[in-house]
Structure formats: C-alpha cells, structure tokens
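The values are calculated or read from the model by the stated rules, or taken from the named source; none is laboratory data. Please read all numbers here as calculations on a predicted model, not as lab measurements. Please note: Cβ atoms are built from the backbone with ideal geometry, for glycine as well, and neighbour counts cover all protein chains shown.
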Amino acid sequence: MDTKVFRSMSYGVYVVGSVDGERPVGCIANSIMQITSSPATVAVSLNHDNYTNACVAKSGLFSFSILGQESDPSLIGGFGFRSSKDTDKYEGVDSEMVCGCPVIKDSCGYVVCRVIDRMETATHTVFLGEVIEGEVSQAEYQPMTYAYYHQVIKGKSPKNAPTYLPEEDTPQQGGKAVWVCQICGYVYDGDPLPADYRCPVCGQDAAHFRREMR
Ligand code: FE
C-alpha cells in the first residue's frame with residue numbers, strides 16, 4: 001500500500017473546541033466533513049489520546065473554527081502540539097464562548113455542534129454533531145487546506161492526526177541542509193539557522209531545531 005495516496009484527499013485545518021467543566025479546551029483537527037445539510041450535521045475525528053476527545057464525549061458539545069491562510073500559524077502549534085490537560089491553550093488567543101464552546105476569531109468562521117452520535121475506531125472517535133450555531137468571522141480569509149499547511153507552511157502531522165504518516169519523521173539522505181522544529185515539524189528552509197530564530201508555528205526557540213539533509 002502506498003500511503004502517499006491519502007495526500008490526494010482534501011482536508012481543511014480546524015481548531016476543535018470543547019469544555020472541561022467551565023474551562024475551554026481544544027486541539028487541531030483536519031478530518032471534519034459536513035454529512036447532511038438539513039438538519040445540518042458534521043462529523044469530526046479525534047484521537048483517543050487527545051484530551052479534547054474526552055471533553056467532547058463528556059460535555060456533548062464541540063465547536064470548530066476554520067483556519068484560513070491568513071490565520072496566525074502559531075495557532076496550529078499552540079493547539080496542535082501540546083495537551084489541553086495541563087495547558088490553557090486559549091490564553092493570549094482572541095476567542096469567545098458561543099453556545100458553551102470556545103471559538104477563535106482569527107479564522108474564516110466557526111460552527112458549534114451538539115453530539116448526536118459517535119463511532120469508535122481503533123485509534124479515533126468519530127463524533128457526529130448537529131449544528132446549533134455557525135458564523136462567518138473573517139469573510140476575506142481563504143480557507144487553509146491541509147495541503148497548504150504541508151506545502152506552504154511546511155508543517156507536518158502530529159502523531160495523533162488521522163492523516164499522520166510515519167515516513168514524515170524519517171530524515172532523507174542527501175539533498176540540502178534544512179532545520180526542522182522538533183516540536184511541530186516546521187522546516188526552516190536554510191542553513192545555518194539564525195541563533196535568535198523562533199518557530200513561526202509553535203514559537204519554540206532555535207535550540208528545538210535539528211539540522212537534517214533533505
Ligand atoms: Fe515548531
């Protein structure tokens with residue numbers, strides 16, 4: 001099986017939000033699709049290991065904010081590469097609570113859902129949600145596709161993503177030198193890496209980058 005074929009499938013990039021009691025939680029997801037239009041339902045796939053999964057299951061609510069090409073890419077690092085269990089990911093992020101769920105303003109828009117069904121897979125829960133609210137936030141934003149995230153931002157998939165490919169973590173031999181963020185996988189396309197460099201995706205400093213040949 002050539003798993004690269006999955007790269008031909010189209011996805012967006014989303015911040016999925018929910019609540020742990022009163023506290024907002026969230027994570028990055030790319031596997032979200034609209035299932036029906038009337039009533040409007042959507043499905044989202046979340047890894048069992050994501051704290052947000054347990055919070056969606058418990059609260060019966062989730063939101064997703066649709067990231068755009070103009071959204072701050074550090075949202076992906078902030079929500080995608082650490083856990084809500086021990087971090088308030090919304091600290092310093094322009095967000096609001098809508099129908100009991102956190103949504104991000106620096107996005108194309110948001111949808112809030114009530115969970116009406118779920119399906120378990122070996123690694124992920126697929127939640128089916130009935131849409132209870134939705135608004136356009138930044139009408140001029142172009143929705144970010146997962147391909148854009150890979151090709152333009154040069155990010156990779158967290159290990160919990162349904163679309164994670166193990167070969168993304170395998171350094172290639174030969175080619176030219178680049179610096180790879182060990183937290184989020186962002187690739188700095190140059191050599192050397194400036195000493196005061198900070199990862200534009202996750203905000204880590206130069207010490208978290210490793211030189212690789214690609
Ligand atoms: Fe990073």
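Kindly indicate the residue of the range 190-211 that is away from the ligand (no atom under 11 Å from the Cβ) and in a loop (DSSP other than H, G, I, E, B) and also surrounded by the most Cβ atoms within 10 Å (Cβ to Cβ) among those meeting that condition.
Ranking the candidates gives LEU193 first.
LYS89: among the basic types (Lys, Arg) and surrounded by 18 or more Cβ atoms within 10 Å (Cβ to Cβ), yes or no?
Yes.
Against the condition among the polar types (S, T, N, Q), over 12 Å from the mean Cα position of the chain (by Cα) and not assigned by TED's automatic domain parsing to the domain that holds GLU120, how does THR36 come out, does it pass?
no
Check the range 136-147 and report whether any residue there is in a helix (DSSP H, G or I), out of contact with any strand residue (DSSP E or B) (no Cβ under 9 Å at 6 or more places or on another chain) and assigned by TED's automatic domain parsing to the domain that holds ILE76.
Checked against the condition, which is being in a helix (DSSP H, G or I), out of contact with any strand residue (DSSP E or B) (no Cβ under 9 Å at 6 or more places or on another chain) and assigned by TED's automatic domain parsing to the domain that holds ILE76, the range 136-147 yields at least one hit.
Out of (1) farther than 23 Å from GLY60 by Cα; (2) loosely packed, with under 15 Cβ neighbours inside 10 Å; (3) in the same structural domain as LYS58 (by TED's automatic domain parsing); (4) not small (Gly, Ala, Ser), the odd one out for MET119 is which?
(1)
Could you tell me whether VAL56 is assigned to a strand (DSSP E or B) and either among the acidic types (Asp, Glu) or on the phi < 0 side of the Ramachandran plot (or both)?
Here the answer is no, as VAL56 does not meet what is asked.
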